[in-house]
1. Name the helices (complete DSSP H segments) of the chain with a Cα length along the long axis of 24 Å or more and a Kyte-Doolittle mean of at least 1.6, or state none.
2. What ranking do TRP30, TRP13 get, fewest neighbouring Cβ atoms within 10 angstrom at the top?
3. Rank the residues MET59, MET36 as a footprinting-exposure proxy: fewest other Cβ atoms within 10 Å of their Cβ go first.
4. Using helices alone, what [θ] at 222 nm do you get for the chain, with -39,500 (n - 2.57) per DSSP H run of 4 or more residues, divided over all residues and rounded to the nearest 500?
5. Full-extension gain between LEU47 and VAL15, please, as 0.36 nm times their residue separation minus the C-alpha to C-alpha distance.
Amino acid sequence: MKAKEVLILAIAWLVFELSIFRDASFAKPWFYVAVMFAIGALYLGYLLVSRGGARGLKMPELIAIDAILDADRGADFGSQPAE
């Protein structure tokens, strides 16, 4: 499942849960969700503006840092005594 699909599913689930709890006693949780959503929207807006649009939000490439460090050291993992 892609990240966009997970995000859409999570938002749909949140809307479903909030639609169940419409009693006045749930006013504080509704307010909390609205504030957190607003903070998230503001932060996303900031990231989009400061990084040059949606392209700036791309995740970095995943690399096997252990393999790179072991190759630089010239030995297989665990073959040298600990220092």
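1. Taking the DSSP H segments of the chain (at least 24 Å long, mean hydropathy at least 1.6), we get 3-20.
2. On the way: TRP30 13, TRP13 10.
By the 10 Å Cβ count, ascending: TRP13, TRP30.
3. On the way: MET59 6, MET36 10.
Placing the least packed residue first, the sequence is MET59, MET36.
4. Using -39500 (n - 2.57) per qualifying helix, the result is -20500 deg cm²/dmol.
5. 9.1 nm
Taken together, the values in this text are just the output of simple stated rules run on the coordinates, not laboratory data. Since the structure is predicted, the reported quantities are computational estimates derived from the model, not experimental observations. As a convention, Cβ positions derive from the backbone with ideal geometry for all residues, glycine included, and neighbour counts pool all protein chains shown.
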